[in-house]
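Take a look at the structure set out below.
Derivation of every value follows stated rules applied to the coordinates shown; laboratory data play no part. Keep in mind the model is a prediction, meaning the values are calculated, not measured.
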Amino acid sequence: MNIGFIGLGNMGGPMAANLAKAGHNVQGFDMADVQIEGVVMAATAAEAAQNADIVFTMLPNGQILRKVAADILPHMSQSAVLADCSTVDVASARAVSEMANDHQVLAIDAPVSGGITGAAQGTLTFMAGGSQAAFDRTLPLLEIMGAKTVHCGESGAGQAAKICNNMILGVSMIATCEAFVLADKLGLDRQKMFDVVSTSSGQSWAMNSYCPVPDVGPQSPADNNYTPGFASSLMLKDLKLSQQAAAEAGATTPMGAHAATAYQEFVEASDTDLDFSAIIHALAAGEVK
Ligand code: NAD
């Protein structure tokens, strides 16, 4: 297949490389001067999109996605697919889908979970929103870049699933960190705390798979000086998106709102963008209320 890939950063770079490695003809474009193995670099986004059967985008936010979509859609072939894998607001995902529709281009939002390791290893989880036709056309390529794909519904449903998942993650990470802070004060051994909670009703992915304290549980960023992993700034971005969506949809999400404020305070007070589990230090110091 002829594939365009726009946004070749930490995630997009390895994803595009995996498509090329699988034998597809990939034309890439990024504002930054990057070279990706197997990917032919185009001079502009429009050039990368021209003649492509499918164009992937992996960009920082919805505003940039809207601009890139407006730029490339007039150059795309009719009945080609625009597949956005960035994490963006639901409204932007739906707006881009409508723009694509106006150009007889199919659109799908397919944000990912799995981070840079998943992108490099081709083991991402994709949550997709769009028509069945767009999904069917995109799925064989998502299967190269990922291990699991769920078709969540119409346009925007992939982004909705992504921010709901990450709102749970942000809240449960803070709850897990708070419990360790309290356990420390109560003189409870951290390993014992893990042994109990990871097999009891307080268990979660944050506790069982990504334990926020060192030398307890499986290897996690806590064992590597809180090097991301999943950076706090990205968690903050996703929590803000969840609160924007909640406001637009009229949903009440007080714990999500509190988590967004806590990560905002943590990110603003930090010199380095540590893993999101490092918020445990700010909680222990009473810096996040
Ligand atoms: P990144 O900053 O490494 O990559 C973004 C790339 O887009 C950069 O290379 C930048 O130069 C390029 N870009 C920006 N504006 C552009 C434009 N107008 N035209 C062409 N290229 C442009 O970010 P990333 O970590 O690769 O994340 C990309 C997306 O994936 C984000 O939406 C992020 O929220 C999401 N995401 C990231 C992770 C992660 O662990 N890094 C995990 C899941 C989802």
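A few notes on this one:
- Aspartates and glutamates with Cα under 17 Å of Lys67, excluding same-chain neighbours fewer than 8 positions away: Asp30, Glu47, Asp84, Asp89, Glu98, Asp102, Asp109
- Rule-of-thumb Rg ratio for the chain [Cα; 2.2 N^0.38 Å; N residues]: 1.06
- Cα gyration tensor, region 1-52 - rounded (a/c under 1.5), prolate or oblate: oblate
- In straight-distance terms, cross-link reach from Lys185 covers every one of the aspartates and glutamates whose alpha-carbon lies under 20 Å from its own, apart from those fewer than eight places away in the same chain; here that gives Asp195, Asp215, Glu287.
- Structure-based [θ]222 nm, the chain - -39500 (n - 2.57) summed over DSSP H runs of at least 4, per residue, nearest 500: -15000 deg cm²/dmol
- For region 58-117, the calculated P(r) over all alpha carbon pairs, in 5 Å bins from 0 to the bin holding the longest distance, is 4, 20, 32, 23, 12, 5, 2, 0 percent.
- Only lysines eight or more places from Lys21 in sequence, or on another chain, were considered; those with a Cα closer than 26 Å are Lys148.
- Share of alpha-carbon pairs per 10 Å distance bin for region 220-273, given as whole %: 24, 45, 24, 7
- Linear extension gain, Gln63 paired with Met255, 0.36 nm per residue minus alpha-carbon span: 66.4 nm
- Hydrodynamic radius (Kirkwood) for region 148-289, which is based on Cα pairs only, to one decimal in Å: 15.8
- Stokes-Einstein D (µm²/s) once Rh is taken as the Kirkwood radius of region 35-81 over alpha-carbon pairs, at 37 °C in 0.692 mPa s: 288
- Scattering profile of region 1-125 at q = 0.12, 0.14, 0.23 Å⁻¹ [log10 I(q)/I(0), Debye over alpha-carbon scatterers]: -0.37, -0.51, -1.43
- Cα-based shape type of region 120-208, given that a ≥ b ≥ c are square roots of the gyration tensor eigenvalues and the cut on a/c is 1.5: prolate
- Within the chain, percent of DSSP bridges classed antiparallel, to nearest 5: 15
- Net lengthening on full extension, Leu139/Ala269 (0.36 nm per residue, minus Cα-Cα): 42.7 nm
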